[in-house]
Amino acid sequence: MVRVASDADLAEGGTLAVTVSGKEYALFRQGGNIYCLDNDCPHAGGPLAEGQVDSMAVSCPWHCWWFDIRTGDGLYGLGIGVACHACMIVDGEILIDV
Ligand code: FES
């Protein structure tokens, strides 16, 4: 697990892009929980951290493919998913499994 941000950096309903070893990840906080997906949409690389979040789904800002933020599963269409990573908060720090 790698520390990527402070707990205070990600408000409820918010998103945050973080970088580990040159690769970007998208963090989401919904319902008090934190979720982490690759920040590269599998269609053409759109930044999911800049997408619109609706409940437990995020739409890619480039061409509106939707993904479940809890699993990375693709929704409403081709069903192509994005990698999902375990994450946790320890001592006020957000850690992700990369
Ligand atoms: S790059 Fe994400 S839907 Fe096209």
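For (1) assigned to a loop (DSSP other than H, G, I, E, B); (2) among the small types (Gly, Ala, Ser); (3) touching a Gly at 6+ places or on another chain (Cβ under 9 Å); (4) away from the ligand (no atom under 16 Å from the Cβ), each residue gets a yes or a no:
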{"position": "Glu12", "(1), (2), (3), (4)": "yes, no, yes, yes"}
{"position": "Pro42", "(1), (2), (3), (4)": "yes, no, yes, no"}
{"position": "Gly45", "(1), (2), (3), (4)": "yes, yes, no, no"}
{"position": "Gly79", "(1), (2), (3), (4)": "yes, yes, no, no"}
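Determine, yes or no, whether Val98 is more than 16 Å from the ligand (Cβ to nearest atom) and modelled with pLDDT under 95. Show your work before the answer.
On the way: more than 16 Å from the ligand (Cβ to nearest atom): yes; modelled with pLDDT under 95: yes.
Taking the combined requirement at face value, the residue satisfies it.
When both residues are 6+ apart or on different chains and their Cβ atoms are under 6 Å apart, which pairs have a first residue that lies in the range 29-41 and is within 13 Å of Cys87 (Cβ to Cβ), and a second that is surrounded by 23 or more Cβ atoms within 10 Å (Cβ to Cβ) and aromatic (Phe, Trp, Tyr)?
Tyr35/Phe28; Cys36/Tyr25
The values are calculated or read from the model by the stated rules, or taken from the named source; none is laboratory data. No experiment lies behind these values; they were computed from the predicted model shown. Glycine also receives a Cβ, built like all others from the backbone with ideal geometry; neighbour counts cover every protein chain displayed.
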